[in-house]
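Written out below as structure tokens is the structure these notes cover.
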Amino acid sequence: KGKVPLTARYIRCGLLLTVSYLLHHSWSLLESFPVDDVQVDRLLSEEDTVALDEAITKKEDAHHLTTDVFGLSIDQVTDRAFLDVLEARQRDGWQGPPSWITDYFTWHRETREAYEDLKNPDNLPPLLVNYCKGSGCGGLHDRLGSLPFDLYMANQTKRLLVYVWEQPALEEFLVPPSGVGGIDWTFPHTHLVQNATDIMILGTKDYYWEGHAAFQPFWAKHVPNAIAAATTTTKDGAAPPNLVTLKARGHAGEFYLEDILRSLNETDMIHLTPTFGWLWRALFQPSVGLSRYLERMTSSMSLTRPYAAVHCRVHYPDLIRGKFNPKARRYRLKTVDEPTSKADAARKDPDWNGLKMEGLGKKFAVNVGLHALQCASQLVSDHKNTQNSSQQAEEAASAPQLYLFSDSNGMVEYLTRNVTELLSTTSEETSSTELDQTDEQALGVIQSMKNRVVARPDISNRNYHLDLPDAEVRKSLDPQVFYATFGDLYLALGAECISFGYGGFGRFAQQLNNNPCYVQHQLHIMEVYRGHALQMRENLCEKTNTSFPYLRDDKPVEEMIDRWSWHESCVGGPNGIGDASCGSRAKVA
């Protein structure tokens with residue numbers, strides 16, 4: 001008598017175990033950030049960790065004031081930089097996103113609701129899936145820079161746009177916005193996507209090169225064909241597939257899309273207007289885990305606005321050449337894990353493997369970083385001089401911080417930690433023979449700068465590229481190792497100004513804010529390329545080379561590196577060290 005039946009006891013135990021597991025999993029997701037077996041928590045003292053957790057909790061509990069921007073709720077705190085730009089752009093005449101986008105959003109929300117939020121896999125509306133199975137999709141800009149193109153294709157085919165990533169899932173980092181005005185792009189039935197019909201995938205080499213003779217014919221042929229495949233009944237009377245995937249990197253067709261919009265009498269080309277940033281915030285906000293990561297990073301760095309973001313893309317394959325790819329016009333710079341064979345080289349691409357911070361590799365990476373920092377320092381100085389007197393007086397006490405981020409965590413760690421350690425070491429403790437020319441050069445430039453250069457406290461951990469080619473490696477990695485990539489993007493979005501060079505990642509951040517305060521410290525090495533992100537030629541930092549110095553038999557590697565990566569006006573100081581006036585000569589053209 002009084003005993004609980006055995007079945008009930010099993011159920012009760014099962015519930016307890018489930019709740020215990022969920023609590024443990026949620027706590028570990030929110031509180032621990034393992035990156036290469038190092039937790040970010042360990043970077044802070046126990047007292048600081050407790051205080052930070054309390055501050056984050058209070059911030060999450062508090063209802064941030066939001067601003068309605070053409071039907072979309074935007075947080076006044078986390079998106080202050082974007083709202084500042086919007087205010088100026090609206091004064092200049094920006095009237096919000098075009099009606100075809102807002103009409104599509106209304107239809108998307110109504111259709112998704114009519115189909116019960118896509119819960120029933122046997123009752124789904126027509127879907128257009130931006131799909132990435134694992135690798136071959138490129139980095140973050142390659143994957144999500146196509147947002148305007150994705151929306152255009154979804155609108156033209158009258159399909160719900162959803163995003164599905166595998167290894168890792170996109171929802172690990174970004175989720176639909178919690179406020180009003182956005183759309184839900186998630187899809188709960190990933191297994192259905194794996195065998196879906198592809199209406200447009202990566203094509204021939206002509207796909208890549210903007211300005212290539214065959215470029216416009218490629219898009220002019222394949223975009224209409226893709227739309228027809230998603231909307232037209234076949235000759236046999238079969239309806240188009242209910243679920244189709246889009247694997248094309250749409251940012252490669254930015255100029256083609258703009259030509260199409262003009263032909264439809266549209267006036268907003270999206271890519272260079274605030275509409276791009278509006279779209280981003282209508283689809284994405286950081287996940288809970290990524291939000292906590294960002295809070296920890298900014299608190300640990302004491303990073304406060306106004307600050308400038310400085311991006312350096314160092315590991316791009318076109319900048320580094322391995323010995324097993326001798327025909328490619330790239331530098332022969334050693335990587336962290338050098339391949340031992342041609343087959344091994346495919347798995348150890350320098351873009352994923354990373355540059356070895358020694359010798360010429362160190363010189364190349366550090367020179368790129370120093371030049372970028374000097375350009376950013378001058379940019380924020382010039383920008384401050386254009387502000388009103390009250391703002392100048394308020395900010396005169398200290399120069400804005402420079403947030404340095406790169407695919408080369410070794411370079412960032414060197415410039416934000418190693419050089420600082422060298423500066424704090426007395427001349428008696430350090431013999432000049434212990435410093436190489438790169439060290440002396442870096443010391444001279446960093447000493448001459450008034451700005452404090454900061455980096456994420458977890459910068460000593462490897463920056464993993466999203467497009468890792470090795471499937472086994474991808475499966476073994478905790479998705480949280482990619483927090484740094486998304487974190488860098490959001491920290492760049494919070495910056496008042498941005499300096500960027502090679503690659504599209506830094507430019508992507510500038511586009512998403514429509515930020516007018518930017519400078520290019522490098523130009524892309526290709527004479528022709530795809531999209532605005534790598535085609536721009538304005539706002540160049542003085543002395544930035546306008547062409548890539550390909551390696552030639554009659555030119556030593558050292559000279560080529562100096563020409564491409566280093567600010568030429570800053571080489572002439574004593575012993576090659578940039579002097580105190582070096583930064584002031586890096587004016588924006």
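Here are a few things to note about the model shown:
- Filter result for Asp259 (more than 24 Å from the chain's Cα centre (by Cα), modelled with pLDDT of 80 or more and either of a type in the set (Asp, Glu) or farther than 20 Å from Gly145 by Cβ (or both)): yes
- Qualifying residues in the range 103-158 (those that are open to solvent by less than 20 Å² (accessible area, probe 1.4 Å) and of a type in the set (Gly, Ala, Ser)) - the one modelled with the highest pLDDT: Ala154
- Scan of the range 159-181 for residues that are of a type outside the set (S, T, N, Q), open to solvent by 10 Å² or more (accessible area, probe 1.4 Å) and farther than 28 Å from Leu468 by Cβ, ordered by number: Pro177, Gly179, Val180, Gly181
- Looking only at residues of the range 162-188 that are over 23 Å from Asp68 (Cβ atoms) and in contact with a helix residue (DSSP H, G or I) (Cβ under 6 Å, 6 or more places away or on another chain), we find that the one that is modelled with the lowest pLDDT is Gln167.
- Members of the range 243-274 that are of a type outside the set (A, V, I, L, M, F, W, C) and in contact with a helix residue (DSSP H, G or I) (Cβ under 7 Å, 6 or more places away or on another chain): Arg249, Gly250, His251, Gly253, Glu254, Tyr256, Asp268, His271, Pro274
- Which listed residue, of Gln90, Gln76, is open to solvent by 30 Å² or more (accessible area, probe 1.4 Å), under 25 Å from the mean Cα position of the chain (by Cα) and without any contact (Cβ under 8 Å) to a residue 40 or more places away in the chain: Gln76
- Some residue of the range 275-297 being outside any helix (DSSP H, G or I), buried (at least 18 other Cβ atoms within 10 Å of the Cβ), among the hydroxyl-bearing types (Ser, Thr, Tyr) and touching a residue at least 40 places away in the same chain (Cβ under 8 Å): yes
- Where a residue in the range 462-489 is within 22 Å of Arg313 (Cα to Cα) and its partner, wherever it lies, is of a type in the set (Lys, Arg) and open to solvent by 20 Å² or more (accessible area, probe 1.4 Å), with Cβ under 6 Å and at least six apart: Leu468/Arg474; Asp470/Arg347
The values are calculated or read from the model by the stated rules, or taken from the named source; none is laboratory data. Model, not experiment: these values are computed from the prediction. Quick reminder, even Gly has a Cβ in these numbers, built from the backbone with ideal geometry, and neighbours come from all protein chains shown. Heads up: the accessible areas ignore ligands, DNA and RNA and are worked out on the full protein's heavy atoms, side chains in. Shrake-Rupley method; radii C 1.70, N 1.55, O 1.52, S 1.80 Å.
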